[in-house]
Amino acid sequence: MSSWKYEEDGCTVVETCAWSPPGDHPVGCGLKLYVKNGELVKAIGNPEHPITNGRLCPRCLALREYIYHPQRVIYPMKRAPEDRGKDAWTRISWAEAYDLIEENVARIKKEYGAEAIFSVIGTGRDMWHTVPFITFGALGSPNFTYIHSGWSCYGPRCAISAYTLGAGYPEVDYAAMFQDKRYDHPDYKLTEVLVVWGKEPLKSNADGLFGHAFVDMMKRGTKIISVDPRLTYWGKNAEYWLQLRPGTDAALALAMLNVIVNEDLYDHEFCENWVFGWDELKERVQEYPPEKVAEITWVPKEQIIGAARLYANANPGSISWGLATDQKCNGVQFAHALLALMCCCGNIDVPGGIIVGAPSFAAPMWWGWDSLSPEMQAKRLGSDSGMGGDRYPAVTTAISTAQPDMPLDAMETGYPYPLKMSWIMSSNPIACPTAAPQRWDKAFKKLDFNVVCDLFMTPSAASFGDLFLPVSTFAEKDGIVNTHYGSLSMFTGAINKAIQVGECKADDEILLELGKRLNPSAFPWETMDEFLTWELDQYIPGMSIEELRDKKWAVPEWNYLKYRNGLQNFDGQDGFVTASRKIELMEPLFAEWGDDPLPYYEEPPYSPVNTPNLMKEYPFVLTTGARSWVFFHSEQRHVDTLREIHPDPITEIHPETAQTLGIKNGDWIWVENQFGKAKQRAKLFSGIDRRVIHSEHAWWYPERPAVDGEFGPEDVFLSNINNLVPHKLIGKLGFGSPYKAMICKVYKAED
């Protein structure tokens, strides 16, 4: 036995850190898994874990039910392309599955070139090195993709961080790196004012941030400013709740900057010495006085001014930016404005402020890229040097994916070249991320070969999959969990295998086995432990996976004010990894790529201002995608315990609005616009504006049986709110789509 594996109460206890599934982000929550006769009997929180302290979300508490669910797929399966949509799967061995992949990859490369293969990733597992590595290193294609229109999840924030900071994702300092004393560590200073902007940290624990840390900070005195169209826990407990019109965030951020600049509340030393374009930004924000922005955003000017003063006078202040940053067509510009708010008061990389990660191009999503020839790299969809078609260098320079909308164009038109094979890992494309999901479904069905790696027969796998590879949960694998996918490593935990279910394999195991078959030179590791030690070395140099298991968790060496001490740059000199060595609030590259180098506000494409005539038919502003306590995107709909807590898709409507529409709480309703409709259940909620509707995303119904052996669209398209979001309605730089800023009408559904 060992420090992480021992006997207790007749069980073998395995201490581990979670990633997912069950779906979550890379917080590395600590668990104790109790195993008897090879079967998981109980999962509880580990009170010794330095970040989560024994606290777990419902998804981890329902782990046993999830793992042993009768609908889980635990063997490789195949079916003929002519049987897509039918329950006509045949069990095969892993060797047969790999043979089938090898045969199809070889054929497609010979007939169409490796660029005809593309991969699809989701956010639910530790995939941000696995899928690119498989795509670049094993399949030999440059087309690694995340098919969320406009890369509207993390993309704009990561891109602006790369270009403006030259660094990994900025995050609130919640003392995660000080495991021994946390908030009482002498190097830490409690955040005085925390702005929670378009984020629900308690439910999402997004990208490595443990949301409950904000509650811990509030108990110690941190004050909250909440920016959200909906009343959440944060708004209820805030000094200011700025209830803005969905999609107008950039205007609000620029108005707050206007107050900070004109009232001389900014940090002169920081802005003069470490900001490029500060004078130009000061001029830009004069276009956004609070009086004008109050009309745009629906936020009273007094609240804008008061919130700006409270944040600017904090020492330190911090900002936590959420998915709402990304899900608008000018998400990059809004993120740019928010980053200006982060830095203008000198809060960058200080204790209790906004900490920044490693130089941006060290991120693991680029692993394997160097195994491609320059000629193959240039064929990436959306690349500035790509083959025809649209070009989005702002996307492909910052992030290793192809531009997310272009695979659909290529599948539908064959331009700039045809796509013939997909590799889908940790993604359920037609249920969750895609805009216009029914178009994506039809397009996938046109491909020669679709491989889906997952735990359950998702609607996507059932509709167009040809080969299904069964994947392990974190309880069934060895691995590493690292916050912010390695771009901001505040915590690294060991994932320790406790059980084996069926013939399921870990994603990394698939990566290594397939890589050795298809391109051995790119995969020199003989064992999983060798590979994991190599991976760990990227975060904590010199540590082996065995050492991490023994420690259970670790943090890399931590320093504040890295940019002043030669620690934020590749060459050891002071400054940031940008052309100016400063934070670029005026970004020359944006001008080179045809956009404004300074942040600006752009009205949503469909809105009371831009499309007043359409608003006569679709009178409400539609926002989507708020998080659930029990679901991670489209996952967990199978799990009875969790469905009992949250049985139906919910659309929130203000009670007065519902009364005018003849809608009562619990009624089934249609949410509809010119692009499509979705059926959901009404929830009357006074914490939303009378002019705004909020609908949940990623709904499908695994409990509904197939009809005559056919997989029907009722399961996935009936309640899919993404039916109402059009394809490729994106920002100039290729980022951002209006998932949170559309228009709609609402009416009662017939029984």
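Between E750 and Q179, the contour length at 0.36 nm per residue exceeds the alpha carbon distance by 200.0 nm.
Ranking request for peptides 275-284, 204-213: highest mean number of other beta-carbon atoms within 10 Å first, then the rest in descending order.
Details: 275-284: 18.3, 204-213: 22.6.
Ranking, from highest mean packing down: 204-213, 275-284.
Within the set of other residues whose C-beta is less than 15 Å from the C-beta of S161, count the net charge using Lys and Arg as +1 and Asp and Glu as -1. Display every interim value, and only then the final one.
On the way: positive: R157, K562, K582; negative: E171, D207, D326, D349, E584, E587.
Neighbour charge sum, excluding S161 itself: -3.
Counting only heavy atoms of the protein chains and using a 1.4 Å probe, K199 has close to 10 Å² of accessible surface. Across the stretch 697-703, rounded Karplus estimates of 3J(HN,Hα) from the backbone phi angles (6.51 cos²θ - 1.76 cosθ + 1.60, θ = phi - 60°) give 10, 6, 8, 8, 10, x, 7 Hz, Gly and Pro being marked x.
On a 1.4 Å probe surface of the protein chains, which of R309, R72, R581 comes out largest in accessible area, and what is the full order? Please report the intermediate quantities before stating the final value.
Details: R309 110, R72 20, R581 85 Å².
These residues rank, largest area first, as R309, R581, R72.
Give the carbon-plus-sulfur fraction of the accessible surface of the stretch 534-648 in %, rounded to a whole number; probe 1.4 Å, heavy atoms of protein chains only.
Values: 2700 of 5290 Å².
Of all accessible area on the stretch 534-648, carbon and sulfur atoms account for 51 percent.
Note on the stretch 612-748: Lys pairs 8 or more places apart or on different chains, Cα atoms under 17 Å apart, count 13.
Extending 7 Å from Cα along the Cβ direction at D83 and again at W629 yields two label points whose distance is 4.3 nm.
Between the beta carbons of F570 and N273, assuming R0 = 22 Å, the FRET efficiency works out to 0.60 to the nearest 0.05.
Ligands, DNA and RNA aside, W241 has an accessible area near 60 Å² when probed at 1.4 Å.
A Förster distance of 35 Å, applied to the separation of the beta-carbon atoms of T527 and E8, puts the FRET efficiency at 0.75.
For K582, the lysines whose Cα comes closer than 21 Å to its Cα, not counting residues fewer than 8 places off in the same chain, are K282, K562.
Would you mind telling me the antiparallel percentage of the DSSP bridges in the chain, rounded to 5? Kindly include the intermediate steps, with their values, before the conclusion.
Values: 48 of 90 bridges.
In the chain, DSSP labels about 55 percent of beta bridges as antiparallel.
With every protein chain left in place, what is the accessible area per residue of the stretch 329-377 in square angstrom, probe 1.4 Å?
On the way: 1140 Å² over 49 residues.
Roughly 23 Å² per residue, with all protein chains present.
Within the stretch 530-636, the GluC sites (Glu not before Pro) that combine a DSSP coil assignment with at most 13 other C-beta atoms in a 10 angstrom radius are E557.
The distance from the alpha carbon centre of the stretch 1-77 to that of the stretch 184-253 is 29 Å, rounded to a whole number. Taking all Cα pairs closer than 8 Å and separated by 6 or more residues, the relative contact order of the chain comes to 20 percent.
With bins 10 Å wide beginning at 0, the percent of Cα pairs of the chain falling in each bin runs 3, 15, 26, 28, 20, 8, 1, 0. Distance between the pseudo-spin-label points of H69 and W670 (7 Å out from Cα toward the beta carbon): 3.0 nm. With K and R counted +1 and D and E -1, the other residues having a Cβ less than 13 Å from that of W274 yield a net charge of -2. Residues L231, L194, L323, ordered by accessible area of protein heavy atoms at a 1.4 angstrom probe radius and largest first, appear as L231, L323, L194.
State whether the stretch 4-115 is rounded, prolate or oblate according to the following rule on the C-alpha gyration tensor (a ≥ b ≥ c being the square roots of its eigenvalues): a/c under 1.5 gives rounded; otherwise a/b larger than b/c gives prolate, and the remaining case gives oblate. Write down the numbers at each step before the final one.
Numbers: a/c = 2.73, a/b = 2.15, b/c = 1.27.
Because a/c hits 1.5 or more and a/b exceeds b/c, the stretch 4-115 counts as prolate.
Length available on full extension from V609 to A106: 0.36 nm per residue minus the Cα-Cα distance, which gives 175.8 nm. In the chain, helical runs assigned H by DSSP with n ≥ 4 each contribute -39500 (n - 2.57); averaged across all residues and rounded to the nearest 500, the mean residue ellipticity at 222 nm is -7000 deg cm²/dmol. If the cut-off is 30 Å between C-alpha atoms, which lysines fall inside it for K42, apart from same-chain ones fewer than 8 positions away? The reachable lysines, counting only those whose Cα sits under 30 Å from K42, are K5, K32, K181, K203, K477, K497, K505, K551, K552. Modelled spin labels at Q659 and Q438, positioned 7 Å past Cα toward Cβ, are 3.6 nm from each other. Based on Cα contacts under 8 Å between residues 6+ apart, the stretch 612-748 shows a relative contact order of 36 percent.
Shape analysis of the stretch 612-748 places it in the oblate category; the axes a ≥ b ≥ c from the Cα gyration tensor give an a/c of at least 1.5, with a/b not above b/c. The length gained by stretching the chain between E39 and N53 to full extension, at 0.36 nm per residue less their Cα-Cα distance, is 2.5 nm. The stretch 478-555 to the stretch 129-182: how many Å between their Cα centroids? Result: 18 Å between the Cα centres. The lysines whose alpha-carbon is closer than 26 Å to the alpha-carbon of K110, local same-chain residues fewer than 8 away aside, are K78, K379, K420, K442, K445, K446, K516.
The values are calculated or read from the model by the stated rules, or taken from the named source; none is laboratory data. Computed from a predicted structure; not experimentally measured. All Cβ positions, glycine included, derive from the backbone under ideal geometry; neighbour counts span all protein chains shown. To get the accessible areas, we keep the full protein, side chains included, count just its heavy atoms, and leave off ligands, DNA and RNA. Shrake-Rupley method; radii C 1.70, N 1.55, O 1.52, S 1.80 Å.
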